[in-house]
Amino acid sequence: MIEIKYSGENMMEQYAVWLDEISFAYDQNTVFENLSLQVREGEHIGIVGDSGGGKSTLLKILAGLYQADSGGVTVAGKTEPEQIRGQVALVMQTNSLFPLSVRENITCGHDIAEADLWRICEYARLTKWIESLPDGLDTNVGERGNQVSGGQAQRIQIARAFCKNAPVILLDEPVSALDQETRQYVLYALDQLTGGRTVIHVTHYPETLDDSYKIYRLEGGKFVCE
Ligand SMILES: Nc1ncnc2c1ncn2[C@@H]1O[C@H](COP(=O)(O)OP(=O)(O)OP(=O)(O)O)[C@@H](O)[C@H]1O
Ligand SMILES: [Mg+2]
(Lines give C-alpha, C1' and ligand atoms only; values in the text may rest on other atoms or scores of the structure.)
(Ligands and ions follow the chains in the order given, each with its own letter.)
Protein backbone atom coordinates (compact mmCIF):
# COMPACT_ATOMS: atom_id res chain seq x y z
CA MET A 1 0.00 0.00 0.00
CA ILE A 2 2.42 2.43 1.32
CA GLU A 3 4.82 2.95 -1.54
CA ILE A 4 2.28 3.93 -4.22
CA LYS A 5 3.67 6.57 -6.55
CA TYR A 6 1.34 9.29 -7.62
CA SER A 7 0.95 10.43 -11.15
CA GLY A 8 -0.42 13.91 -10.72
CA GLU A 9 -2.38 16.46 -8.70
CA ASN A 10 -5.78 14.79 -9.20
CA MET A 11 -4.71 11.60 -7.54
CA MET A 12 -3.41 13.50 -4.52
CA GLU A 13 -6.83 15.00 -3.95
CA GLN A 14 -8.25 11.61 -2.89
CA TYR A 15 -5.78 11.44 -0.04
CA ALA A 16 -6.14 13.11 3.34
CA VAL A 17 -2.51 12.33 4.15
CA TRP A 18 0.33 12.20 1.66
CA LEU A 19 3.89 11.75 2.91
CA ASP A 20 6.35 11.63 0.05
CA GLU A 21 9.75 10.25 0.99
CA ILE A 22 10.20 12.26 4.15
CA SER A 23 13.33 12.22 6.26
CA PHE A 24 13.58 13.41 9.86
CA ALA A 25 16.32 13.41 12.49
CA TYR A 26 16.69 14.74 16.04
CA ASP A 27 20.23 16.16 15.72
CA GLN A 28 22.29 13.05 14.84
CA ASN A 29 19.48 10.57 15.61
CA THR A 30 17.84 9.71 12.28
CA VAL A 31 14.25 8.53 12.80
CA PHE A 32 13.03 8.31 9.17
CA GLU A 33 14.71 8.24 5.81
CA ASN A 34 12.53 8.37 2.70
CA LEU A 35 9.33 7.31 4.46
CA SER A 36 6.16 7.45 2.39
CA LEU A 37 2.53 7.05 3.44
CA GLN A 38 -0.79 7.65 1.73
CA VAL A 39 -4.06 7.62 3.63
CA ARG A 40 -7.33 8.08 1.77
CA GLU A 41 -10.03 10.42 2.98
CA GLY A 42 -12.10 8.63 5.62
CA GLU A 43 -9.62 5.77 5.95
CA HIS A 44 -8.74 4.41 9.42
CA ILE A 45 -5.12 3.40 9.97
CA GLY A 46 -3.69 1.77 13.09
CA ILE A 47 0.06 2.00 13.67
CA VAL A 48 1.93 -0.38 15.95
CA GLY A 49 5.65 -0.80 16.53
CA ASP A 50 8.43 -1.05 19.03
CA SER A 51 9.01 1.70 21.56
CA GLY A 52 11.31 4.36 20.12
CA GLY A 53 10.41 3.43 16.54
CA GLY A 54 9.16 6.92 15.68
CA LYS A 55 5.37 6.66 15.97
CA SER A 56 4.93 9.81 18.09
CA THR A 57 7.45 11.68 15.93
CA LEU A 58 5.45 10.74 12.83
CA LEU A 59 2.19 12.04 14.36
CA LYS A 60 3.87 15.31 15.32
CA ILE A 61 5.05 15.75 11.72
CA LEU A 62 1.52 14.96 10.48
CA ALA A 63 0.11 17.47 12.97
CA GLY A 64 2.39 20.25 11.70
CA LEU A 65 4.28 20.45 15.01
CA TYR A 66 7.56 19.23 13.53
CA GLN A 67 8.83 19.87 10.03
CA ALA A 68 10.39 17.07 7.96
CA ASP A 69 14.04 17.68 6.99
CA SER A 70 13.20 16.70 3.41
CA GLY A 71 10.32 15.25 1.40
CA GLY A 72 6.71 16.32 1.03
CA VAL A 73 3.98 16.49 3.67
CA THR A 74 0.40 17.13 2.56
CA VAL A 75 -2.45 16.88 5.07
CA ALA A 76 -6.02 17.71 4.07
CA GLY A 77 -4.62 19.50 1.03
CA LYS A 78 -2.30 21.73 3.10
CA THR A 79 1.48 21.71 2.96
CA GLU A 80 2.49 24.52 5.37
CA PRO A 81 2.78 23.42 9.03
CA GLU A 82 0.68 26.32 10.34
CA GLN A 83 -2.11 25.46 7.88
CA ILE A 84 -1.83 21.75 8.60
CA ARG A 85 -2.34 22.49 12.31
CA GLY A 86 -5.81 23.80 11.53
CA GLN A 87 -6.82 20.53 9.83
CA VAL A 88 -5.87 17.98 12.48
CA ALA A 89 -6.85 17.11 16.02
CA LEU A 90 -4.00 15.42 17.88
CA VAL A 91 -4.33 13.53 21.14
CA MET A 92 -0.73 13.34 22.30
CA GLN A 93 0.83 10.54 24.27
CA THR A 94 2.23 12.96 26.82
CA ASN A 95 0.42 15.65 28.79
CA SER A 96 -0.03 18.66 26.52
CA LEU A 97 -2.16 20.86 28.78
CA PHE A 98 -1.77 24.63 29.06
CA PRO A 99 -1.64 26.36 32.49
CA LEU A 100 -5.25 27.47 32.03
CA SER A 101 -8.71 26.28 33.11
CA VAL A 102 -10.19 22.91 32.18
CA ARG A 103 -12.66 24.80 29.99
CA GLU A 104 -9.92 26.66 28.09
CA ASN A 105 -7.91 23.48 27.69
CA ILE A 106 -10.91 21.78 26.10
CA THR A 107 -12.32 24.55 23.91
CA CYS A 108 -8.98 26.10 22.87
CA GLY A 109 -10.82 29.26 21.90
CA HIS A 110 -13.56 27.53 19.89
CA ASP A 111 -17.01 28.92 20.50
CA ILE A 112 -18.93 25.97 21.96
CA ALA A 113 -22.40 26.17 23.51
CA GLU A 114 -22.38 25.18 27.20
CA ALA A 115 -24.73 22.21 26.61
CA ASP A 116 -22.49 20.89 23.81
CA LEU A 117 -19.43 21.30 26.00
CA TRP A 118 -21.01 19.20 28.77
CA ARG A 119 -22.04 16.57 26.23
CA ILE A 120 -18.44 16.37 25.03
CA CYS A 121 -17.25 16.11 28.65
CA GLU A 122 -19.64 13.18 29.08
CA TYR A 123 -18.22 11.47 25.97
CA ALA A 124 -14.74 11.86 27.45
CA ARG A 125 -15.99 10.57 30.82
CA LEU A 126 -15.00 13.83 32.53
CA THR A 127 -18.30 15.03 34.02
CA LYS A 128 -18.03 13.50 37.49
CA TRP A 129 -14.48 14.70 37.98
CA ILE A 130 -15.23 18.24 36.74
CA GLU A 131 -18.22 18.47 39.08
CA SER A 132 -15.93 17.60 42.00
CA LEU A 133 -13.49 20.44 41.23
CA PRO A 134 -13.66 23.64 43.33
CA ASP A 135 -14.48 25.84 40.32
CA GLY A 136 -15.81 23.15 37.99
CA LEU A 137 -14.88 23.79 34.36
CA ASP A 138 -13.13 27.01 35.40
CA THR A 139 -10.60 25.29 37.66
CA ASN A 140 -6.98 25.82 36.62
CA VAL A 141 -5.05 22.65 35.70
CA GLY A 142 -1.75 24.09 37.00
CA GLU A 143 1.61 24.58 35.37
CA ARG A 144 1.93 22.03 32.51
CA GLY A 145 -1.26 20.39 33.80
CA ASN A 146 0.56 19.19 36.93
CA GLN A 147 -2.61 19.26 39.03
CA VAL A 148 -4.37 16.58 37.01
CA SER A 149 -3.65 12.88 36.64
CA GLY A 150 -2.35 11.32 33.42
CA GLY A 151 -5.79 9.83 32.76
CA GLN A 152 -7.57 13.14 33.33
CA ALA A 153 -5.09 14.92 31.03
CA GLN A 154 -5.70 12.27 28.37
CA ARG A 155 -9.49 12.71 28.59
CA ILE A 156 -9.17 16.52 28.45
CA GLN A 157 -7.22 16.09 25.20
CA ILE A 158 -9.91 13.77 23.84
CA ALA A 159 -12.58 16.35 24.70
CA ARG A 160 -10.40 18.95 22.96
CA ALA A 161 -10.36 16.79 19.82
CA PHE A 162 -14.18 16.66 19.88
CA CYS A 163 -14.31 20.48 20.06
CA LYS A 164 -11.93 20.99 17.17
CA ASN A 165 -14.08 19.22 14.59
CA ALA A 166 -11.08 18.58 12.30
CA PRO A 167 -11.16 16.29 9.25
CA VAL A 168 -8.02 14.39 10.29
CA ILE A 169 -7.74 12.77 13.73
CA LEU A 170 -4.36 11.68 15.10
CA LEU A 171 -4.43 9.54 18.24
CA ASP A 172 -1.25 8.61 20.11
CA GLU A 173 -2.18 5.84 22.55
CA PRO A 174 -5.16 7.98 23.61
CA VAL A 175 -6.47 5.67 26.33
CA SER A 176 -3.20 4.24 27.69
CA ALA A 177 -3.57 5.92 31.10
CA LEU A 178 -7.20 4.89 31.65
CA ASP A 179 -8.51 2.00 33.73
CA GLN A 180 -10.19 -0.87 31.91
CA GLU A 181 -13.79 0.30 32.37
CA THR A 182 -13.11 3.95 31.48
CA ARG A 183 -11.00 2.81 28.52
CA GLN A 184 -13.91 0.81 27.05
CA TYR A 185 -16.27 3.73 27.50
CA VAL A 186 -13.89 6.29 25.98
CA LEU A 187 -12.96 4.00 23.05
CA TYR A 188 -16.66 3.66 22.30
CA ALA A 189 -17.08 7.45 22.50
CA LEU A 190 -14.07 7.91 20.20
CA ASP A 191 -16.04 6.00 17.54
CA GLN A 192 -18.44 8.96 17.50
CA LEU A 193 -15.53 11.27 16.77
CA THR A 194 -13.75 9.15 14.20
CA GLY A 195 -16.75 7.99 12.13
CA GLY A 196 -16.47 9.43 8.61
CA ARG A 197 -13.11 11.09 9.29
CA THR A 198 -9.54 10.15 8.46
CA VAL A 199 -7.88 8.58 11.49
CA ILE A 200 -4.35 7.50 12.36
CA HIS A 201 -4.35 5.72 15.70
CA VAL A 202 -1.06 4.68 17.31
CA THR A 203 -1.48 1.88 19.82
CA HIS A 204 0.32 -1.01 21.44
CA TYR A 205 -3.06 -2.80 21.56
CA PRO A 206 -4.34 -3.14 17.97
CA GLU A 207 -6.96 -5.63 19.21
CA THR A 208 -8.82 -2.65 20.71
CA LEU A 209 -9.33 -1.19 17.21
CA ASP A 210 -12.43 -2.22 15.27
CA ASP A 211 -12.53 -3.83 11.83
CA SER A 212 -12.51 -0.48 10.04
CA TYR A 213 -8.77 -0.20 10.81
CA LYS A 214 -5.93 -1.32 8.57
CA ILE A 215 -2.90 -2.00 10.73
CA TYR A 216 0.69 -1.15 9.85
CA ARG A 217 3.86 -1.74 11.80
CA LEU A 218 6.53 0.97 11.91
CA GLU A 219 9.82 -0.91 11.97
CA GLY A 220 13.31 0.38 11.23
CA GLY A 221 11.81 3.66 10.01
CA LYS A 222 9.62 1.90 7.40
CA PHE A 223 6.04 0.65 7.27
CA VAL A 224 5.40 -3.07 7.11
CA CYS A 225 1.90 -4.50 6.61
CA GLU A 226 0.60 -6.51 9.60
N1 LIG B 1 12.30 15.50 21.59
C2 LIG B 1 13.22 14.59 21.24
N3 LIG B 1 14.52 14.91 21.15
C4 LIG B 1 15.45 13.99 20.77
N5 LIG B 1 15.16 12.71 20.46
C6 LIG B 1 13.87 12.34 20.55
C7 LIG B 1 12.84 13.25 20.93
N8 LIG B 1 11.65 12.59 20.91
C9 LIG B 1 11.94 11.34 20.54
N10 LIG B 1 13.26 11.18 20.31
C11 LIG B 1 13.92 9.95 19.83
O12 LIG B 1 13.37 9.63 18.55
C13 LIG B 1 13.11 8.24 18.43
C14 LIG B 1 11.63 8.01 18.15
O15 LIG B 1 10.87 8.42 19.30
P16 LIG B 1 9.29 8.38 19.34
O17 LIG B 1 8.87 9.04 20.61
O18 LIG B 1 8.77 8.95 18.07
O19 LIG B 1 9.01 6.81 19.40
P20 LIG B 1 7.63 6.01 19.62
O21 LIG B 1 7.54 5.00 18.53
O22 LIG B 1 6.52 6.97 19.77
O23 LIG B 1 7.90 5.25 21.01
P24 LIG B 1 6.83 4.80 22.15
O25 LIG B 1 6.16 3.54 21.65
O26 LIG B 1 7.73 4.51 23.34
O27 LIG B 1 5.90 5.92 22.40
C28 LIG B 1 13.64 7.61 19.72
O29 LIG B 1 14.96 7.16 19.46
C30 LIG B 1 13.64 8.75 20.71
O31 LIG B 1 14.64 8.56 21.67
MG1 LIG C 1 5.23 7.38 21.28
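The values are calculated or read from the model by the stated rules, or taken from the named source; none is laboratory data. All values derive from a computational prediction rather than experimental measurement. Reconstructed Cβ throughout: ideal geometry from the backbone, glycine too, with neighbour counts over all protein chains shown. Just so you know, the surface numbers come from the protein's heavy atoms only, side chains and all, with ligands and any DNA or RNA stripped out. Shrake-Rupley method; radii C 1.70, N 1.55, O 1.52, S 1.80 Å.
Does I158 satisfy the condition of being touching a strand residue (DSSP E or B) at 6+ places or on another chain (Cβ under 7 Å) and within 13 Å of R125 (Cα to Cα)?
yes
The rows are residues; the columns are (1) open to solvent by 60 Å² or more (accessible area, probe 1.4 Å); (2) among the aromatic types (F, W, Y); (3) at pLDDT 95 or above.
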site	(1), (2), (3)
L171	no, no, yes
L178	no, no, no
Y185	yes, yes, no
A189	no, no, no
Q192	yes, no, no
G196	yes, no, no
Y205	yes, yes, no
T208	no, no, no
R217	yes, no, yes
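Against the conditions (1) outside any helix (DSSP H, G or I); (2) free of Cβ contacts under 8 Å to residues at least 40 places away in the same chain; (3) open to solvent by less than 10 Å² (accessible area, probe 1.4 Å), where does P134 fall short? Just the number, please.
(3) is the only condition that P134 fails.
Within segment 67-90, does at least one residue satisfy the condition of being within 14 Å of ligand 2 (Cβ to nearest atom), of a type outside the set (K, R) and within 17 Å of the chain's Cα centre (by Cα)?
Checked against the condition, which is being within 14 Å of ligand 2 (Cβ to nearest atom), of a type outside the set (K, R) and within 17 Å of the chain's Cα centre (by Cα), segment 67-90 yields at least one hit.
For residues in segment 39-89 being within 20 Å of H110 (Cβ to Cβ) and within 13 Å of ligand 1 (Cβ to nearest atom), which is surrounded by the fewest Cβ atoms within 10 Å (Cβ to Cβ)?
L65
Just to confirm my filter: which strands (runs of 3 or more DSSP E) fall fully inside segment 147-226 and include at least 1 residues that are among the aromatic types (F, W, Y) and farther than 26 Å from S23 by Cβ?
Ranges flagged: 213-219.
Please go through segment 27-38 and give me each residue that is open to solvent by 30 Å² or more (accessible area, probe 1.4 Å), within 12 Å of ligand 1 (Cβ to nearest atom) and touching a residue at least 24 places away in the same chain (Cβ under 8 Å), ordered by number.
Once the filter is applied, which keeps residues that are open to solvent by 30 Å² or more (accessible area, probe 1.4 Å), within 12 Å of ligand 1 (Cβ to nearest atom) and touching a residue at least 24 places away in the same chain (Cβ under 8 Å), segment 27-38 yields only T30.
Per-residue answers, yes or no, for (1) within 16 Å of ligand 2 (Cβ to nearest atom); (2) farther than 15 Å from R40 by Cβ; (3) within 17 Å of the chain's Cα centre (by Cα):
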| position | (1), (2), (3) |
| --- | --- |
| A189 | no, yes, yes |
| T194 | no, no, yes |
| T198 | no, no, yes |
| H204 | yes, yes, yes |
| E207 | no, yes, no |
| D211 | no, yes, no |
| Y216 | yes, no, yes |
| K222 | no, yes, no |
| E226 | no, yes, no |
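In a helix (DSSP H, G or I), open to solvent by 10 Å² or more (accessible area, probe 1.4 Å), away from ligand 2 (no atom under 16 Å from the Cβ) and over 19 Å from L209 (Cα atoms), is that true of R144?
Judged against the criteria, R144 is a match.
Test I112 against the stated conditions and say whether it is part of a helix (DSSP H, G or I) and either of a type in the set (D, E) or crowded, with 16+ Cβ neighbours inside 10 Å (or both).
Against the criterion (part of a helix (DSSP H, G or I) and either of a type in the set (D, E) or crowded, with 16+ Cβ neighbours inside 10 Å (or both)), I112 does not qualify.
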